[in-house]
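My questions will all concern the structure given below.
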Amino acid sequence: MAPNFPPIEEALPLHHDLFYDGKWQTPITDSRRETLNPSTGQVIGKIADASTTDVDKAVEAAHKAFLSWKKTTMAERQGYMRRAAAILREHAAELALVESYNTGNPVAAMVIDAERAANALDYFAGLIPMLRGEVLPGPFPTEDYLHYTVREPMGVVARFVASNHPFMFAGARMASVIAGGNTVIIKPPEQAPLSCLRLAELLENVFPPGVVNILPGGAECGQALTCHPLVRKVSLIGSVATGKIIMRNAGSLMKQTSMELGGKNALIAFPDADIDHLVRSVAAGMNFTWAGQSCGSTSRVFLHDSIHDEVLARVVEVVRKGFRPGLATDPTTTMGSLISKAAQDRVLNYIASAREEGARLVTGGGMFDDLAGTPVEGGFFVQPTIFADVTPDMKIAREEIFGPVMSVLRWSDESELIRIVNSTNYGLTGSIFTKDLATAQRMIRQVEAGFVWVNDVCKHFLNVPYGGIKDSGIGRDECIDELFAYTNIKSVNINLGGATHLGSRLSQAGQISNT
């Protein structure tokens, strides 16, 4: 059954301020920034812009809350999280509507995001019992010493979320942090903060004050969060450039980071692939629905010479029929806009570069020319674009575009294929299409990526680690490793009274040093 979407005016957040310490707070300087509807280019309103002083106050509140939150019992913490999950499911339609209105992504494709966020809250609530240490054997008889470890929360964690699915990332990625006994400050994307503000309204009375905080803002807010001494860890879903800035700042303070960054992901098709399934997957893997704005998009498609022409022609047909722009809040819209005018200009520049470098334009290649006089005339749209005859040295084959541009490369030699696939600085995902298990296993071992699909694209599975290598990131999410990453291990060694004259026994039995 199709969701019952409320009028957009009823779904939008009532508050446009900062949310911390369990209350809505006006920015100290009352600084505001405009936020837009990317489908139309029109201004929605002005949102609070957190300053360094605002960040100080929010972090202090989150730290104060941490001192109590870390002492909550497993059952108490699980209860808070499961109540939050139920609320998100209850408000799925309105959250999707707000998300679409502020990101330009089609609402029909965004409804599932509330369920994904709620599932993450339930999942990590269920993993809280795994936050246990170990009793460890030592070099001495057990009557002398007891050795064990405990897992402890870190403190205040800052999580920066991306502009393609801000609400889903905010809801899902806070789950591991608070499950681990930490408090969280979420920085929404400056282009699209509204769904995160609505999230704060929904959870305002769920968690104790200061456990979940949401600070909209720009570079000053991000810098202040990264550098604040009471913020123990910083996590980003975003661009490589932003990730490197955060890592430099955090590294100078010996602060831990977790990064889910960009991708230039390869879809590799062998001659024995199921052609019908391959065609559908190539079109789906580019995520044209949200204008290619996905770090996991399979933006490089490697088609074997023997199937190249047929697959390319059929993919073009599917793309031309399947993706048309429209208001993101219209359930019939099949393709959204880019997030901003700057993003639109960036994508168009990549398209121009591809033409200059000799790639063959197969479909798309610019802005839609039939939107004049429609409600989306001023929207930040770019046509679904496919280039063939792409070579590895071209910019569109090497750099993440984060837009609806697919590069198709022809291959015949497997060793050369692997060299080209692995020649970028990225290593997030890869897709392999073949009916032969041995071929799949051989390619899995050779493709440099943190997450690989065989005969599939783009799906995530809660409990399966997701993350990249090389410039695509640090750490793994959506699994128990994500939970552990927001804890510290403390080792405990207890002299039980039997070890009074250790002397030479220490060196003989394995003591490393007494530094």
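The values are calculated or read from the model by the stated rules, or taken from the named source; none is laboratory data. Please read these numbers as outputs of a predicted model, since none were measured by experiment. Using ideal geometry, Cβ is built from the backbone for each residue, glycine included, and neighbour counts are taken over all protein chains shown.
Testing residue 206 on (1) under 30 Å from residue 132 (Cβ atoms); (2) in a loop (DSSP other than H, G, I, E, B); (3) in contact with a strand residue (DSSP E or B) (Cβ under 7 Å, 6 or more places away or on another chain), one condition comes back false. Which one is that?
It fails just one condition, (3).
How about region 19-33: which of its residues are among the charged types (D, E, K, R) and touching a residue at least 40 places away in the same chain (Cβ under 8 Å)? I'd like the intermediate steps shown before the answer.
Taking region 19-33 as the starting set, the residues that turn out to be among the charged types (D, E, K, R) are 21, 23, 30, 32-33.
Selection gives 21, 23, 33.
Out of all the residues in region 149-157, is one or more over 25 Å from residue 93 (Cα atoms) and buried (at least 24 other Cβ atoms within 10 Å of the Cβ)? Spell out how you get there, then give the answer.
Let us first name the residues in region 149-157 that are over 25 Å from residue 93 (Cα atoms), namely 149-157.
Pick out the ones that are also buried (at least 24 other Cβ atoms within 10 Å of the Cβ) and you get 156-157.
Yes: one or more hits.
Considering each of 223, 191 in turn, give the residue that is among the polar types (S, T, N, Q), in the same structural domain as residue 251 (by TED's automatic domain parsing) and either assigned to a helix (DSSP H, G or I) or free of Cβ contacts under 8 Å to residues at least 40 places away in the same chain (or both).
Details: 191 fails: either assigned to a helix (DSSP H, G or I) or free of Cβ contacts under 8 Å to residues at least 40 places away in the same chain (or both).
None of the others qualify; the one that does is 223.
Restricting the search to region 242-261, which residues are assigned to a helix (DSSP H, G or I) and modelled with pLDDT of 95 or more?
First pass over region 242-261, keeping only residues assigned to a helix (DSSP H, G or I): 242-251.
242, 243, 244, 245, 246, 247, 248, 249, 250 - these are the residues of region 242-261 that are assigned to a helix (DSSP H, G or I) and modelled with pLDDT of 95 or more.
Would you mention how many residues in region 467-485 are under 23 Å from residue 109 (Cβ atoms) and in contact with a Leu (Cβ under 9 Å, 6 or more places away or on another chain)? So that I can check it myself, show each step before the final result.
Initially, region 467-485 is screened for residues under 23 Å from residue 109 (Cβ atoms), giving 477-478.
In the following step, the residues that additionally are in contact with a Leu (Cβ under 9 Å, 6 or more places away or on another chain) were identified as 478.
Counting residues in region 467-485 that are under 23 Å from residue 109 (Cβ atoms) and in contact with a Leu (Cβ under 9 Å, 6 or more places away or on another chain) gives 1.
Do we find that residue 314 is of a type in the set (Lys, Arg), without any contact (Cβ under 8 Å) to a residue 40 or more places away in the chain and in the same structural domain as residue 366 (by TED's automatic domain parsing) in this structure?
Values: of a type in the set (Lys, Arg): yes; without any contact (Cβ under 8 Å) to a residue 40 or more places away in the chain: yes; in the same structural domain as residue 366 (by TED's automatic domain parsing): yes.
Yes, satisfied.
Could you run through region 368-388 and say how many residues are free of Cβ contacts under 8 Å to residues at least 40 places away in the same chain, surrounded by 15 or more Cβ atoms within 10 Å (Cβ to Cβ) and in a loop (DSSP other than H, G, I, E, B)?
1
Does residue 421 fit the bill of being within 22 Å of residue 314 (Cβ to Cβ), surrounded by 15 or more Cβ atoms within 10 Å (Cβ to Cβ) and not acidic (Asp, Glu)?
Values: within 22 Å of residue 314 (Cβ to Cβ): no; surrounded by 15 or more Cβ atoms within 10 Å (Cβ to Cβ): yes; not acidic (Asp, Glu): yes.
No.
OK, next. Given the criterion among the charged types (D, E, K, R), buried (at least 22 other Cβ atoms within 10 Å of the Cβ) and farther than 17 Å from residue 466 by Cβ, identify the matching residue among 300, 280, 248. It would help to see each step written out before you state the result.
Working: 280 fails: buried (at least 22 other Cβ atoms within 10 Å of the Cβ); 248 fails: buried (at least 22 other Cβ atoms within 10 Å of the Cβ).
Among 300, 280, 248, only 300 is among the charged types (D, E, K, R), buried (at least 22 other Cβ atoms within 10 Å of the Cβ) and farther than 17 Å from residue 466 by Cβ.
Given the conditions (1) farther than 30 Å from residue 442 by Cβ; (2) buried (at least 21 other Cβ atoms within 10 Å of the Cβ); (3) aliphatic (A, V, I, L, M), report the number of the one that residue 396 does not fulfil.
Against the list (1) farther than 30 Å from residue 442 by Cβ; (2) buried (at least 21 other Cβ atoms within 10 Å of the Cβ); (3) aliphatic (A, V, I, L, M), residue 396 comes up short only on (1).
I'd like the residue in region 194-210 that is closer than 29 Å to residue 36 by Cα and of a type in the set (A, V, I, L, M) and, out of all such residues, is surrounded by the fewest Cβ atoms within 10 Å (Cβ to Cβ).
Out of the qualifying residues, it is 202.
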